[in-house]
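Below is one structure; the comments refer to it alone.
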Amino acid sequence: MKKESNIKMEDMLVLLEHTKRMRPQSGLKPRIMKSAHKNIEETASSWRVISIAAGIFVLIGASFYSSIQQQRNSQDTKVVFFNQGNIYE
Amino acid sequence: MNDFENIYDAYNEMVYNVALNYVQQIEDAEEITQDVFLKVFKRIKNFDGKSTLKTWVYRITINASLDFIRKKKRRPIFQSLFYEDRGLKNVVDIKHPGIILEQKEAYNALFRAMNRLPERQKTVILLLKTEGLSIKEAAAIMNLKNKALESLFHRAKQKFLKEHQKEKDEKGV
């Protein structure tokens with residue numbers, strides 16, 4: 001019984017070995033190349049979006065910083081004027 | 001891009017046939033092949049040369065094929081209530097274009113039994129038998145020692161025989 005199973009097993013494995021090698025259809029290569037190109041473009045455009053977003057963020061940050069600086073400067077001036085006022089009083 | 005095209009030309013048949021033996025459907029094998037080469041394209045810069053390029057492409061192909069089968073198994077809950085068949089387990093008619101037509105029934109039983117094996121056991125049989133790789137090559141791909149691969153293959157054959165017998169009993173052959 002065991003011997004019979006072994007023979008069957010070998011037959012089955014031989015059958016597997018005889019599975020024909022197939023070639024993918026010719027249309028697959030251009031499809032894959034196109035996807036690869038698309039991937040390059042998508043990566044480039046996502047980098048573009050990231051750099052634009054980073055640029056906008058820097059601009060907003062810079063304008064926010066400069067407005068705070070301006071505000072501080074104007075407060076300093078007020079203090080000076082106030083102090084000056086006191087001196088003259 | 002030229003390097004990528006050379007890789008495609010060198011390995012497209014290998015990738016396609018491995019995928020085909022996993023899923024036994026032309027359309028699915030093409031989808032896996034496309035997925036594999038996109039992964040190769042994205043990851044080729046990180047290829048460290050610790051293994052051969054062929055081994056690396058084999059690994060990507062095996063993982064992509066197994067992922068594809070896993071995704072196929074994951075049906076939405078409501079669908080799984082109505083479909084007992086999940087994934088390839090109970091596929092009745094194997095649509096592998098590489099089988100010998102006169103032995104279609106024998107191949108059907110063979111692949112159905114293969115589809116019931118655990119992933120690693122199926123992989124070792126495919127690598128050694130349909131791909132015709134040596135123990136050393138298959139062990140490198142599966143990241144195993146030669147001895148471990150041999151024992152995995154032994155267990156795979158035993159399980160395969162059981163599943164094949166079950167298959168025949170269910171069909172009443």
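Beyond 22 Å, what share of the Cα-Cα pairs of region B:84-171 is found? Please give it as a whole percent. Walk me through the numbers on the way to the answer.
On the way: 1176 of 3828 pairs.
It works out to 31 percent of all Cα pairs.
In nm, to one decimal, how far is the modelled label at B:Lys54 from the one at A:Val49, with both set 7 Å along Cα→Cβ?
4.1 nm
Order of B:101-108, B:13-20, A:45-52 by packing, highest average Cβ count within 10 Å first? Please list the in-between numbers first.
On the way: B:101-108: 13.1, B:13-20: 22.8, A:45-52: 10.0.
By packing density, highest mean first, the sequence is B:13-20, B:101-108, A:45-52.
Explain nothing, just compute: Karplus ³J(HN,Hα) = 6.51 cos²θ - 1.76 cosθ + 1.60, θ = phi - 60°, for every residue of region B:43-55 in order, whole Hz, x for Gly and Pro.
So the Karplus estimates, Gly and Pro as x, are 9, 4, 5, 8, 5, 8, x, 5, 10, 6, 4, 4, 4 Hz.
By how many nm would the segment from B:Glu105 to B:Arg70 lengthen if fully extended, with 0.36 nm per residue of separation less the alpha-carbon distance? Intermediate results must be reported in sequence, preceding the final value.
On the way: separation 35, 0.36 × 35 = 12.60 nm, distance 2.58 nm.
Between B:Glu105 and B:Arg70, full extension yields 10.0 nm more.
Could you tell me which of the pairs A:Lys34/B:Lys72; B:Lys54/B:Lys136; B:Lys73/B:Lys162 are separated by over 19 angstrom between their Cα atoms in the structure shown? Before the final figure, lay out the partial values.
Values: A:Lys34/B:Lys72 26 Å; B:Lys54/B:Lys136 13 Å; B:Lys73/B:Lys162 23 Å.
The answer is A:Lys34/B:Lys72; B:Lys73/B:Lys162.
Hey, got the dipole for chain B? About the Cα centre, +1 on K and R Cβ, -1 on D and E Cβ, debye to the nearest 20? Before the final figure, lay out each step's value.
Values: 32 positive and 24 negative charges, 201 e Å.
Computed about the Cα centre, the dipole is about 960 debye.
Using the Cα atoms of chain B to build a convex hull, what is its mean projected area in square nanometres?
Result: 11.5 nm².
When N counts the residues of region B:3-72, how does its alpha-carbon radius of gyration compare numerically with 2.2 N^0.38 Å, as a ratio? Let's see the in-between values first.
Working: Rg = 11.5 Å, N = 70, 2.2 N^0.38 = 11.1 Å.
So region B:3-72 has a normalised radius of gyration of 1.04.
With θ set to phi - 60° and the Karplus curve 6.51 cos²θ - 1.76 cosθ + 1.60, what are the ³J(HN,Hα) couplings of region B:8-21 in order, to the nearest whole Hz, using x for Gly and Pro?
4, 4, 6, 10, 4, 5, 4, 4, 4, 5, 4, 4, 4, 6
In the full protein assembly as shown, how much of B:His154 is accessible to a 1.4 Å probe, in Å² to the nearest 10?
Counting only protein heavy atoms, the figure is 110 Å².
Can you compute the label reach from A:Asn39? Point 7 Å from Cα along the Cβ direction, backbone N cut-off under 14 Å, restricted to region B:28-46.
Flagged as within label range: B:32-46.
What does the accessible area of A:Tyr65 come to, in Å² to the nearest 10, when a probe of 1.4 Å is used?
Roll a 1.4 Å probe over it and A:Tyr65 shows about 140 Å².
From the protein chains alone at 1.4 Å, what is the descending order of accessible area for B:Ser65, A:Ser66, largest first? Intermediate results must be reported in sequence, preceding the final value.
On the way: B:Ser65 0, A:Ser66 55 Å².
Sorted descending by solvent-accessible area, the residues read A:Ser66, B:Ser65.
Each residue of region B:150-167 in turn: what ³J(HN,Hα) in whole Hz from Karplus with 6.51, -1.76, 1.60 and θ = phi - 60°, glycine and Pro shown as x?
Karplus values, whole Hz, x for Gly and Pro: 4, 6, 4, 5, 4, 5, 4, 5, 4, 5, 4, 4, 4, 5, 5, 5, 4, 4.
The values are calculated or read from the model by the stated rules, or taken from the named source; none is laboratory data. In this text the structure is predicted, and so the values were computed from the model without any measurement. Counting neighbours? That spans all protein chains shown, and the Cβs are built from the backbone with ideal geometry, glycine included. These area figures cover heavy atoms from the full protein model, side chains too; ligands, DNA and RNA do not enter into them. Shrake-Rupley method; radii C 1.70, N 1.55, O 1.52, S 1.80 Å.
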